[in-house]
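The values are calculated or read from the model by the stated rules, or taken from the named source; none is laboratory data. From a predicted model like this one, the values you see are computed outputs, not experimental measurements. Here the Cβ positions follow ideal geometry from the backbone for every residue, glycine too, while neighbour counts run over all protein chains shown.
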């Protein structure tokens, strides 16, 4: 991602204590990213099903992308960099907290090309309405 021109801070660069690197709860690093105004990336789709992680993202103003795909992380990272224009357009239209998924289509288009999609999973307004019992 750095080679692709993105400023990146890795989890282990922020949480430097060896004991903390594997044990920092999702809620903590997500909230840390949100409060610092950083765009966060993860490949852990379980975050979308964990209410405390979702709440941490929404309450801290996090803008969180979940990288989806059955591939190694370097390939997911390359896919994210290749989708940079779509990601930047998405960020321009979504200024408040959100969780979005970045994934390529299941089947390639003509010529064997996959198209990467950036899809909103949840935004602050929808989360707030749900948490207040509104739909």
* Does residue 90 satisfy the condition of being assigned to a helix (DSSP H, G or I), crowded, with 16+ Cβ neighbours inside 10 Å and modelled with pLDDT under 85? -> no
* Of the residues that make up region 5-24, is at least one surrounded by 14 or more Cβ atoms within 10 Å (Cβ to Cβ), modelled with pLDDT of 90 or more and either touching a helix residue (DSSP H, G or I) at 6+ places or on another chain (Cβ under 9 Å) or not in a loop (DSSP other than H, G, I, E, B) (or both)? -> no
* Say we look at region 103-135 and pick out the residues that are touching a helix residue (DSSP H, G or I) at 6+ places or on another chain (Cβ under 9 Å) and modelled with pLDDT under 90; which of these is surrounded by the fewest Cβ atoms within 10 Å (Cβ to Cβ)? -> 135
